[in-house]
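The values are calculated or read from the model by the stated rules, or taken from the named source; none is laboratory data. Everything numeric here is computed off the predicted structure, so don't read it as measured data. Neighbour counts run over all protein chains shown; Cβ positions are idealised from the backbone, glycine included.
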Amino acid sequence: MKPLRVVVWGENVHEHKHPTVAKVYPNGMHTVIADALKASGDDVEVSTATLQEPDHGLTTERLAQTDVLTWWGHMAHGEVKDEIVSRVQKRVLEGMGLIVLHSGHYSKIFKRLLGTTCSLTWREADERERIWVCNPGHPIAAGIDTCFELDREEMYGEPFGIPAPEEQVFISWFEGGEVFRSGCCWRRGNGKIFYFRPGHETFPTYYHPMVQRVIANAVRWARPEGVWIDACPNIKEPREEIQPKEV
Ligand code: ZN
């Protein structure tokens, strides 16, 4: 089987503006996510793209060569060009997988594909998150035993303004009492979408082996299964003969 071509997209702004974030992710969050994916097996071919590159690193040619895209953004959602959002949406509808991480819930591409507000409740209080597996048989939960914990995370709580997930893989509980649908699957057109909640920029979440495991599982789950190019042809010649009808 040909290697799965994964592009890890990072907004890459917090890392340059906030010393606390730069300390945790000196080479950017996208680099840590990409390195973890590279280490997860020879069946993936991983590269990165960032907001600052021409076309945010997502040219038509590059997207055509991308099987799965991962997306982390936060403070610069508004700087992502609508033209690029449309380009990514088109590829998802054709069959490209999309993994949306943490604050990517408010990204243009996630809202565009889901069609809802994607809003939620939140709190930055440096609290424990326990991530429960809802479906132990799901490929994204492979190797995760019942639940795992992150000692320090931001809280995201319900209501989460998403369409009902087609598959619920994880639910999070927070030290402060809230719960949140933290691992959700959808299909849009021919493409698979997975949202995974953890990943606040001031905490070392993307170094956590279980978080890395989930993302590695998710990109493989989101592998395209064929391509569906958008077309709406007029089929003038029927396959079977159509009998003339009496007026
Ligand atoms: Zn956050």
Every listed condition ((1) β-branched (Val, Ile, Thr); (2) part of a helix (DSSP H, G or I); (3) in contact with a Lys or Arg (Cβ under 7 Å, 6 or more places away or on another chain)) holds for Val219 save (3)
Is it the case that Ile131 is touching a residue at least 40 places away in the same chain (Cβ under 8 Å), away from the ligand (no atom under 16 Å from the Cβ), within 14 Å of Met210 (Cβ to Cβ) and crowded, with 16+ Cβ neighbours inside 10 Å?
no
If you scan the range 183-232, which residues turn out to be aromatic (Phe, Trp, Tyr) and either out of contact with any strand residue (DSSP E or B) (no Cβ under 6 Å at 6 or more places or on another chain) or farther than 15 Å from Pro139 by Cβ (or both)?
Trp186, Tyr195, Phe203, Tyr206, Tyr207, Trp221, Trp228
Residues Asp230, Asp145, Asp151: which one is surrounded by fewer than 15 Cβ atoms within 10 Å (Cβ to Cβ) and not in a loop (DSSP other than H, G, I, E, B)?
Asp151
Say we look at the range 196-211 and pick out the residues that are surrounded by 19 or more Cβ atoms within 10 Å (Cβ to Cβ) and part of a helix (DSSP H, G or I); which of these is farthest from the ligand (Cβ to nearest atom)?
Val211
Pairs with Cβ under 6 Å, 6+ apart, first in the range 16-30 and surrounded by fewer than 19 Cβ atoms within 10 Å (Cβ to Cβ), second among the acidic types (Asp, Glu) and modelled with pLDDT of 95 or more:
Ala22/Glu15
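For the structure I just gave you, tell me whether Leu120 is of a type in the set (A, V, I, L, M) and within 16 Å of the ligand (Cβ to nearest atom). Before the answer, list the steps.
On the way: of a type in the set (A, V, I, L, M): yes; within 16 Å of the ligand (Cβ to nearest atom): yes.
It is true that Leu120 is of a type in the set (A, V, I, L, M) and within 16 Å of the ligand (Cβ to nearest atom).
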Say we look at the range 1-30 and pick out the residues that are touching a Gly at 6+ places or on another chain (Cβ under 8 Å) and part of a helix (DSSP H, G or I); which of these is nearest to Arg223 (Cα to Cα)?
His30
